[in-house]
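Each reported figure results from applying straightforward, stated rules to the coordinates on display, with no laboratory input. All of these numbers come straight from a predicted model, not from anything done at the bench. Using ideal geometry, Cβ is built from the backbone for each residue, glycine included, and neighbour counts are taken over all protein chains shown.
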């Protein structure tokens, strides 16, 4: 069953819950994504459907049509999310090793979450929409923003995690380096270290579930028709589909307020949900570039 990272962490331990809270603190897309267990630990095998011949109507006493599903088997590798933290022995003697790591880990995890979310936006969602012809341009030539509609579908459009590793170590494994004893880092300093590591990924296996509008600027705002078409291209449905964008993009759309852009009170389970477009919720994130994207060339 698909779960958020926080739901997975709560089921494991209070320590894991704290880690994930830090990880998703400034990463609302990552916070609200659903994740499923990969099929083979550090990689996931899945089928991408290319053609469906389903059931049909026939006259009485006539043979039923043959049903078939054409698909191709594909594989996606998970990525490593994590890093190493080091404290020199003299600083550890003054501050205390445990106290030092307790202060530094939340900050570093927040940064890791921001980095992971940027990768999801710019290496996964937007390129997938562009590659499948589901992206349109608002017309800006430089200093651009983007917005993307994603319909999450179990087994098709989803986050992934390694069940094998999560059952042993949790969402994020925190392990003392060298068993917690002194060691020399790459700079030759003696000290103590902790390694934090987790395995997550993103699977996009339905081109009719992700669509985008690129090349947005203050003087090149998407039209209402373009946003409607983006949602049609993603076959958007309330509850499974979100529109992700920078907060400034949502501000640009205020001129549509009272028509198709509705303000909403935030729900506890959907962070930063400020508004909806015909029932499809926005989630804004500062991990979108703030008007510094290069213009995207569309075929």
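Once the convex hull of the C-alpha atoms of the chain is built, how many Å³ does it hold per residue, rounded to a whole number?
Details: hull volume 56.4 nm³, N = 299.
Convex hull volume per residue, Cα atoms: 189 Å³.
At 222 nm, what value in deg cm²/dmol follows for the chain if DSSP H runs of at least 4 each add -39500 (n - 2.57) and the sum is divided by all its residues, to the nearest 500? All intermediate terms of the calculation are to be shown ahead of the outcome.
Numbers: 9 runs with 82 residues, N = 299.
Taken over the chain, the calculation gives -8000 deg cm²/dmol.
May I ask you to derive the FRET efficiency for residue 42 and residue 228 from their Cβ-Cβ distance with R0 = 35 Å, giving the value to the nearest 0.05?
On the way: r = 40 Å, r/R0 = 1.15.
Approximately 0.30, to the nearest 0.05.
In a GNM of the chain with a 10 Å cut-off on Cα contacts, which of 227, 60, 126 has the highest mean-square fluctuation?
Per the Cα network of the chain with a 10 Å cutoff, 60 tops the list.
Pairing the Cα long axis of helix 14-23 with the longest principal axis of the chain, what angle in degrees results, from 0 to 90 and rounded to the nearest 10?
Here the helix axis deviates by roughly 70 degrees.
Given contacts defined as C-alpha pairs under 8 Å and at least six residues apart, what's the relative contact order of the chain, whole-number percent? Mind showing how you got there, number by number?
On the way: 588 pairs, mean separation 70.6, N = 299.
Computed over the chain, the figure is 24 percent.
In Å, what is the Rg of the alpha-carbon atoms in the stretch 122-166, and how long is Dmax?
In Å, with Rg to one decimal and Dmax whole: 14.6, 46.
Once both axes come from the Cα atoms, what is the angle between helix 97-119 and the longest principal axis of the chain, in degrees from 0 to 90, rounded to 10?
Result, in degrees: 20.
Taking Cα atoms, how many degrees apart are the long axis of helix 224-233 and the longest axis of the chain, rounded to 10 and kept between 0 and 90?
With both axes taken from Cα atoms, the answer is about 80 degrees.
Along the principal axes of its C-alpha atoms, what lengths does the stretch 193-257 span, in descending order and rounded to whole Å?
That works out to 51, 30, 22 Å along the principal axes.
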